[in-house]
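Working notes for the structure below.
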């Protein structure tokens, strides 16, 4: 769940410096700079992004101004940085949603509460309908096979 961020990666004339332009403003009108020695201290989106990039390793510095992220790498390797930015607002990766969706009919049939934030509402609705229809079919079968008392 969440929305992926659209990111355009632009190489600069400086070796190891890459700019990423996003379709989301991350820092408002202010500038934010982060380094391994000065990591983010708060939990704003720009801080979360900087923390994830620094955890990746190989980052010398990160500068964010509005929707432009400038990353200076130590090794000139930008592998995975674009994906980290794109996934900033994805709270539940698609794989987790698919796994829960596969279990949803069984969970609903058991009466387990399903987290609707993880599973698409249509999947939950379909699981509820299937579970209710299954119970109705079982009930009808039990009524027709039950002996009739005089």
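Considering 66, 57, the condition of being on the phi > 0 side of the Ramachandran plot, out of contact with any helix residue (DSSP H, G or I) (no Cβ under 9 Å at 6 or more places or on another chain) and without any contact (Cβ under 8 Å) to a residue 12 or more places away in the chain is satisfied by 57 alone. Restricted to the stretch 7-24, and to residues there that are part of a loop (DSSP other than H, G, I, E, B) and at pLDDT 90 or above, the residue that is surrounded by the fewest Cβ atoms within 10 Å (Cβ to Cβ) is 13.
In the stretch 77-92, the residue that is modelled with the highest pLDDT out of those that are in contact with a strand residue (DSSP E or B) (Cβ under 9 Å, 6 or more places away or on another chain) and more than 15 Å from residue 50 (Cα to Cα) is 90. Taken together, the residues in the stretch 33-49 that are closer than 18 Å to residue 72 by Cα, at pLDDT below 95 and surrounded by 15 or more Cβ atoms within 10 Å (Cβ to Cβ) amount to 5.
The values are calculated or read from the model by the stated rules, or taken from the named source; none is laboratory data. Quantities reported herein were computed from a predicted structural model and do not represent experimental measurements. Ideal geometry is used to build each Cβ from the backbone, glycine not excepted, and the neighbour counts take in all protein chains shown.
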